[in-house]
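This report refers to the structure that appears directly beneath it.
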Amino acid sequence: LATSLTTPGMPYDACDDDEARALVDTVLDVLQTLKVKRDMTFNEVRLTLSIEDPSEKRRRQEMGIEDESGVSRDEIAAALYEIEQGLVPADGVVLEQLAREMVNWPDLDADSDAMPGEGAPMASDYAASTPGSVRVPSGGLGMGGGGGANDTEGLPGPLGFIPLYLVSSLPVLIGVSVVGVLFWNSLS
Amino acid sequence: MPRSQRSDNFIDKTFTVVADILLRALPTTSREKRAFSYYREGLSAQAEGEYAEALQNYYQAMRLEVNSYDRSYILYNIGLIHASNGEHSRALEYYCQALERNPFLPQALNNLAVIYHYRGERAIESGDMPLSTLLFDKAADYWREAIRLAPTSYIEAQNWMRTTGRS
């Protein structure tokens, strides 16, 4: 990680650049907020900031073509790593870009209603829409492995299935209506 | 028009329209809807091989999504993109992070195993037998866990483990 930055940073306490220290403080503040409000680990934040189009990365590595900011995602991730290690990144442009991205993290102020980590595994829309998702028994990581005895746990009572009954009855209603219309037509 | 609505296939289109209606009707916050909408755009782009666009959408989804469990699916898909680009180390990082947030992801375990198995085969080609054994053992560990979570999946892996005495 640190190799992505050409010059290693200096320890925070030894740094006399107030502006750089302020930027580092900002980054650390947002990191802390993300941890508290969104249950985001440092590594998760780092991987999020590292997201980069592979072809753009290849273009930069093979042909030396930079994007308009001149700062790569790897450099930003490396700077974040240095900050986490108690260092102040030496490259001011990278630090500034990192601080900008952290400050502009969307909707952090509106996270008072956040419920990090909530939601049963089976209930996730993400799980349902991810191709190749494998349905895992709800007792998944139990030592017994199976969890078959608990399969009905968490299911709603008979009344909880009303929406399902209504949806399931739709084809029957349509069928009855079609037969009814045909019968009516045959009469006339 | 969003990418997810551009599909030519009638069934896909119908599914997308129904999913959009459900998304609007679901009792979630606007941020959650935006995050999920970015995720779906990312999935569509990824399915069409538009990895740059997919990653942009995943980046936005990662920054918006509050639920760590849901974020694991975004991380998993980013891992898939890196794996298909041959960036295996990068893919490993994302798969591992996805598993850290959600240990119920047998597909991530399977993909980790596939990468280690591939590396094991490369090690055999370069004549490094001890390394290949190590890598195959690691692949078997991941497959064992994946099969424990999803016993009816990964039949090929189960056969491989049986034939190599690793089951």
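The values are calculated or read from the model by the stated rules, or taken from the named source; none is laboratory data. On a predicted model such as this, the values are computed, not experimentally measured, just so you know. With ideal geometry, Cβ positions are generated from the backbone for all residues, glycine too; neighbour counts draw on all protein chains shown.
Of all residues being within 7 Å of chain B (Cβ to nearest Cβ) and in a helix (DSSP H, G or I) in region A:31-48, which is farthest from B:L80 (Cα to Cα)? Just the residue, please.
A:R38
Any residue in region A:26-44 that's in contact (Cβ under 8 Å) with a residue 60 or more places away in the chain: show its pairings with residues that are of a type in the set (D, E, K, R) at Cβ separation under 6 Å, as long as the two are six or more apart or on different chains.
Between residues of region A:26-44 that are in contact (Cβ under 8 Å) with a residue 60 or more places away in the chain and residues that are of a type in the set (D, E, K, R), the close pairs are A:K37/A:D111.
Does A:D74 fit the bill of being within 21 Å of B:N77 (Cβ to Cβ), in contact (Cβ under 8 Å) with a residue 40 or more places away in the chain, within 9 Å of another protein chain (Cβ to nearest Cβ) and of a type outside the set (S, T, N, Q)?
Values: within 21 Å of B:N77 (Cβ to Cβ): yes; in contact (Cβ under 8 Å) with a residue 40 or more places away in the chain: yes; within 9 Å of another protein chain (Cβ to nearest Cβ): no; of a type outside the set (S, T, N, Q): yes.
Spelling it out, it is not the case that A:D74 is within 21 Å of B:N77 (Cβ to Cβ), in contact (Cβ under 8 Å) with a residue 40 or more places away in the chain, within 9 Å of another protein chain (Cβ to nearest Cβ) and of a type outside the set (S, T, N, Q).
Taking into account only those residues within region B:37-70 that are of a type outside the set (G, A, S), within 7 Å of another protein chain (Cβ to nearest Cβ) and touching a helix residue (DSSP H, G or I) at 6+ places or on another chain (Cβ under 6 Å), which is farthest from A:D109 (Cα to Cα)?
Filtering region B:37-70 for residues that are of a type outside the set (G, A, S), within 7 Å of another protein chain (Cβ to nearest Cβ) and touching a helix residue (DSSP H, G or I) at 6+ places or on another chain (Cβ under 6 Å), the one farthest from A:D109 (Cα to Cα) comes out as B:Y51.
Identify the residue in region B:101-132 that is away from chain A (no Cβ under 14 Å) and aromatic (F, W, Y) and, among all such residues, is farthest from A:V45 (Cα to Cα).
Once the filter is applied, the top-ranked residue is B:Y118.
Just give me the residues in region B:52-77 being part of a helix (DSSP H, G or I) and more than 14 Å from the chain's Cα centre (by Cα), in sequence order. Reasoning before the result, please.
Of region B:52-77, the ones part of a helix (DSSP H, G or I) are B:52-64, B:68-77.
Result: B:A52, B:E53, B:Q56, B:N57, B:Y59, B:Q60, B:A61, B:M62, B:R63, B:L64, B:S68.
Are any residues in region B:1-29 loosely packed, with under 15 Cβ neighbours inside 10 Å, assigned to a helix (DSSP H, G or I) and either charged (D, E, K, R) or at pLDDT 80 or above (or both), and if so, which ones?
Hits for region B:1-29 are B:K13, B:R24.
Which of (1) within 23 Å of B:Y51 (Cβ to Cβ); (2) part of a helix (DSSP H, G or I) does A:I51 not meet, given it meets every other one?
With (1) within 23 Å of B:Y51 (Cβ to Cβ); (2) part of a helix (DSSP H, G or I) applied to A:I51, the lone miss is (2).
Being modelled with pLDDT under 95, surrounded by fewer than 22 Cβ atoms within 10 Å (Cβ to Cβ) and in contact with a Lys or Arg (Cβ under 8 Å, 6 or more places away or on another chain): is that true of B:S84 here?
It is false that B:S84 is modelled with pLDDT under 95, surrounded by fewer than 22 Cβ atoms within 10 Å (Cβ to Cβ) and in contact with a Lys or Arg (Cβ under 8 Å, 6 or more places away or on another chain).
Across region A:92-135, what is the total count of residues that are outside any helix (DSSP H, G or I) and modelled with pLDDT under 90? Spell out the reasoning first.
Kept after step one, since they are outside any helix (DSSP H, G or I), are these residues of region A:92-135: A:104-110, A:114-120, A:124, A:130-135.
Narrowing the set further to residues that are modelled with pLDDT under 90 leaves A:107-110, A:114-120, A:124, A:130-135.
The total comes to 18.
Confirm whether A:E82 is in a loop (DSSP other than H, G, I, E, B), buried (at least 19 other Cβ atoms within 10 Å of the Cβ) and among the charged types (D, E, K, R).
no
Condition test on B:L80, is it assigned to a helix (DSSP H, G or I), more than 7 Å from chain A (Cβ to nearest Cβ) and either within 26 Å of A:K57 (Cβ to Cβ) or of a type in the set (A, V, I, L, M, F, W, C) (or both)?
yes
Scan region B:87-100 residue by residue and report those that are crowded, with 22+ Cβ neighbours inside 10 Å and more than 7 Å from every other protein chain (Cβ to nearest Cβ).
Once the filter is applied, which keeps residues that are crowded, with 22+ Cβ neighbours inside 10 Å and more than 7 Å from every other protein chain (Cβ to nearest Cβ), region B:87-100 yields B:A91, B:Y95, B:A98.
Confirm whether B:I115 is buried (at least 20 other Cβ atoms within 10 Å of the Cβ), hydrophobic (A, V, I, L, M, F, W, C) and not assigned by TED's automatic domain parsing to the domain that holds B:L55.
The answer is yes for B:I115.
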